[in-house]
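What follows is a short report on a single structure.
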Amino acid sequence: MDTTRRRLFTLGVGAAGVIMAAPAILRATSRMLMPAAGGNRVVIVGGGWGGLSAARWLKRSRPSTEVVIVEQNNIFMSCPLSNLYLGNVLPLDRLQFSYAGLGRAGVVFQQARVTGVDRDSRVLETSGGKIGYDYLMLSPGIDYMWDQVPGLWEGRHDIPIAFKPGPEHLHLKETIDKFEGGVFALCIPEGPIRCPPGPYERIAMIAYNFKKRGLKAKLIVLDANAKPMSKGKGFLAAYESLYGDIVEYNPSHQIESVDHAKRRITHTFGDLDYDAANIIPPMQAGEIVRIAGVGKRWAPINATDFSTLADPRVFMIGDAIGDQPFPKSGFMANTVGKIAAAHVMEKLEGKDPTPIEPANTCFSMVDGDDGGRSIWVTHGFTWNAGESKFDRTATVDLNPTRDSAQAAMRWASSIWSEMLG
Ligand SMILES: Cc1cc2nc3c(=O)[nH]c(=O)nc-3n(C[C@H](O)[C@H](O)[C@H](O)COP(=O)(O)OP(=O)(O)OC[C@H]3O[C@@H](n4cnc5c(N)ncnc54)[C@H](O)[C@@H]3O)c2cc1C
């Protein structure tokens, strides 16, 4: 791990929350990738959990493949475990990694934003130039549906969301650190969203932060859902036993709008005046899915091989996938990345696809003392050949333990190393 992890630059906390690329580098490297692909090039959009897992698996399993990742950010930041950073349980530099290991593994890394996909001629338009492909894999993660929360876009400098990798997480941490007491509002949208347990783990870690600082504070949660979307009983029990005087959880409270100048949220049952807020809006697949014409809110796939319904040469990975019983998690993006890579290899070798069953485990920290305590859920998926779909089963352990917190740390470290080492 130490060879790949660097004490990287501090991400600028910015309005739009985007790390800008260096144009000179983009132009030079993009020219190297032209002209068009020669039959063996797989281009992956998105250097996050799904894209990196696919790239490393493909290159390792079929070294002759030319594997290219196009990613807009210049460093990797992990959303998994980022809530621990909010709770002062984990430092920021444990979550940031260099992309340098990709080059050593033979994967070409292009820092650029993909702005267009010409599926007829198999060419990507990027902020650094055109890149041809033989097969395309899209793992762009999520975008926010700003229009679903009137006032949120106007208030984005004051109200961080922090559900995408990058400087938004620093913005939220700064907001929490500057908060000296009063009302902190946290709004959760209806699913499907990235990491359904993520907002509930965040509640526990922010409350843990307030408790340790001895603040006179209320963390008022407005959840549009009738109950927590994942591990509900475990989270609610933890709020009551650990943070009973801090957390106020309100189910079925949908945010209708926010006025950041007045610091007022309007919701189903009235108004809430706040001192600081984290408002999570509804989500959709990354914009490139709609630009490429392979999906609308989410991208539907052929479950047999993870190709898009729109184009058999375009494959989907990660949170952007729709119409499947897959939780939108990093664990899932990692296993699906490898599975989709195996199906692309089948295509390159002219073989028919054989369905492969993914799996998922998700830990959630509820307490930060002595390394923390965590609850967890696992999902198994079995291939239903009759209906050409995956069936899902779930197992949960809602008793917080230190063992599972340590398992969460081991899990994250091993996947970071696998993806980026
Ligand atoms: C607070 C929080 C806690 C979480 N905790 C957990 C956890 O404990 N366990 C777990 O398994 N999961 C967790 N998750 C979920 C996990 O982060 C996501 O499910 C996972 O990142 C999905 O991988 P992805 O590849 O689909 O998207 P991402 O990892 O977000 O990667 C997408 C990448 O695509 C890039 N991109 C997008 N569009 C373009 C474009 N047009 N051009 C170039 N690049 C582009 C983005 O910059 C990004 O780097 C958590 C998420 C959050 C927000």
So, T29, is that one more than 14 Å from A341 (Cα to Cα), more than 12 Å from the ligand (Cβ to nearest atom), at pLDDT below 50 and touching a Leu at 6+ places or on another chain (Cβ under 7 Å) or not?
no
Can you tell me which of K164, K227 is farther than 25 Å from D369 by Cα, in a loop (DSSP other than H, G, I, E, B) and within 13 Å of the ligand (Cβ to nearest atom)?
K164
Within region 124-142, track down each residue that is closer than 16 Å to A299 by Cβ and out of contact with any Gly (no Cβ under 9 Å at 6 or more places or on another chain).
Y135, L136
Out of the residues in region 85-131 that are part of a loop (DSSP other than H, G, I, E, B) and within 9 Å of the ligand (Cβ to nearest atom), state the one that is surrounded by the most Cβ atoms within 10 Å (Cβ to Cβ).
A112
Would you confirm whether or not region 72-84 contains a residue that is more than 22 Å from I288 (Cα to Cα), of a type in the set (S, T, Y) and within 13 Å of the ligand (Cβ to nearest atom)?
yes
Restricting attention to region 229-252, does a residue exist that is out of contact with any Leu (no Cβ under 9 Å at 6 or more places or on another chain), of a type in the set (D, E, K, R) and surrounded by 16 or more Cβ atoms within 10 Å (Cβ to Cβ)?
no
Sort out which residues of region 177-192 are surrounded by 21 or more Cβ atoms within 10 Å (Cβ to Cβ) and within 15 Å of the ligand (Cβ to nearest atom), and write them in order of number.
L186, C187, I188, P189
Residue within region 279-294 that is among the charged types (D, E, K, R), within 15 Å of the ligand (Cβ to nearest atom) and surrounded by fewer than 16 Cβ atoms within 10 Å (Cβ to Cβ) present:
yes
Under 9 Å between Cβ atoms, at least 6 apart or on separate chains: pull out the pairs that start in region 102-116 with a residue that is closer than 11 Å to I69 by Cα and end on any residue that is aromatic (F, W, Y).
L102/F109; G103/F109; F109/Y99; Q111/Y99
Kindly check whether there is at least one residue in region 206-218 that is crowded, with 19+ Cβ neighbours inside 10 Å, of a type outside the set (A, V, I, L, M), part of a loop (DSSP other than H, G, I, E, B) and within 16 Å of the ligand (Cβ to nearest atom).
no
Qualifying positions in region 295-304 - more than 13 Å from the ligand (Cβ to nearest atom) and over 24 Å from E346 (Cα atoms)
K296, R297
Just to check your reading of the model, which residue among A276, A261 is of a type in the set (A, V, I, L, M) and touching a strand residue (DSSP E or B) at 6+ places or on another chain (Cβ under 8 Å)?
A276
By residue number, the members of region 359-371 that are away from the ligand (no atom under 12 Å from the Cβ) and modelled with pLDDT of 95 or more are V366, D367, G368, D369
Could you please let me know if K328 is more than 18 Å from I142 (Cβ to Cβ), basic (K, R) and within 15 Å of the ligand (Cβ to nearest atom)?
no
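The values are calculated or read from the model by the stated rules, or taken from the named source; none is laboratory data. Since we're looking at a predicted model, the values are computed, not measured. Ideal geometry is used to build each Cβ from the backbone, glycine not excepted, and the neighbour counts take in all protein chains shown.
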